[in-house]
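Worksheet for the structure shown next.
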Amino acid sequence: MTDRTTIRNNIAKFVDLTEEEFNYFYDLLVVKDFEKGQYLHTHGSICNKAYFIIRGCIRYFHIVEGEEITGQFFFENAWYSDYESYLFGSPSEQTIQALEHTRAAILTKETMNRLYGDMPKFERFGRLMAENAFLGLRKRTEALTHQSATERYLELLKNRPKVLQRITQRHIASYLNIKPQSLSRIRKKVHHK
């Protein structure tokens, strides 16, 4: 599948565009490749870009007491931006990193604002993106506050097997908010039942 088709299929989930409207939108995107380990965005700078993952995987993380704490992983057909920084133009608390060779389409805030003015149906796209970001953050917060580490691991196993197949144990442990040794114990206990 071409980059164009992948993007077209994803956008169709949010808004119905004519061929002419999609061509206008597509021409505003910048497609870029990122190497494994490369940062798409760094802590302290303003995140004025939204990334659509065509191929590969990214994560965002915070530094807490000198340790990286992974907030989330994003794979093919997902959009991500540090939404607070993107909306308010404030310095970001996050770093966004490619965990595999990643190809992403980039939509700048300036371009998004232009789309809002030129094609009002993109306001729906923006609203749906904001709703998805809110719901994702809410689910993540509830998991961290209401579930044990074992429950979080089991949920990951059930609902996001791609994470367990493609992400290092160190990053998974960070995401689950536990030490790698604890993850090893949980995995051993769960898989030996």
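The values are calculated or read from the model by the stated rules, or taken from the named source; none is laboratory data. Since the structure is predicted, the reported quantities are computational estimates derived from the model, not experimental observations. Note that we place each Cβ from the backbone using ideal geometry, even for glycine, and neighbour counts take in every protein chain shown. To get the accessible areas, we keep the full protein, side chains included, count just its heavy atoms, and leave off ligands, DNA and RNA. Shrake-Rupley method; radii C 1.70, N 1.55, O 1.52, S 1.80 Å.
Within 22 Å of LYS13 (Cβ to Cβ) and outside any helix (DSSP H, G or I): is that true of ALA133 in this structure?
no
Hey, any hits in segment 17-31 for a residue that's polar (S, T, N, Q), part of a helix (DSSP H, G or I) and open to solvent by less than 70 Å² (accessible area, probe 1.4 Å)?
Yes, because at least one residue in segment 17-31 is polar (S, T, N, Q), part of a helix (DSSP H, G or I) and open to solvent by less than 70 Å² (accessible area, probe 1.4 Å).
Give the number of residues within segment 96-124 that are outside any strand (DSSP E or B), under 17 Å from ILE11 (Cβ atoms) and not polar (S, T, N, Q).
Residues flagged as outside any strand (DSSP E or B), under 17 Å from ILE11 (Cβ atoms) and not polar (S, T, N, Q) within segment 96-124 amount to 11.
Being among the charged types (D, E, K, R), closer than 16 Å to GLN72 by Cα and open to solvent by 40 Å² or more (accessible area, probe 1.4 Å) is the filter here; which residues of segment 99-155 pass it?
Once the filter is applied, which keeps residues that are among the charged types (D, E, K, R), closer than 16 Å to GLN72 by Cα and open to solvent by 40 Å² or more (accessible area, probe 1.4 Å), segment 99-155 yields GLU100, ARG138, LYS139, GLU142, GLU155.
Could you please find all residues in segment 39-57 being within 15 Å of the chain's Cα centre (by Cα), open to solvent by 10 Å² or more (accessible area, probe 1.4 Å) and within 20 Å of ILE69 (Cα to Cα)?
Answer for segment 39-57, where residues must be within 15 Å of the chain's Cα centre (by Cα), open to solvent by 10 Å² or more (accessible area, probe 1.4 Å) and within 20 Å of ILE69 (Cα to Cα): TYR39, LEU40, HIS41, THR42.
Give me the pairs, please: first residue somewhere in segment 165-185 and over 17 Å from GLY37 (Cβ atoms), second residue anywhere and open to solvent by 80 Å² or more (accessible area, probe 1.4 Å), beta-carbon distance under 6 Å, and either six or more positions apart or on two chains.
Cβ pairs passing all conditions: PRO180/ARG170.
Considering each residue of segment 69-95, count those that are assigned to a strand (DSSP E or B) and surrounded by 15 or more Cβ atoms within 10 Å (Cβ to Cβ), and give that number.
Residues that pass the stated criteria total 8.
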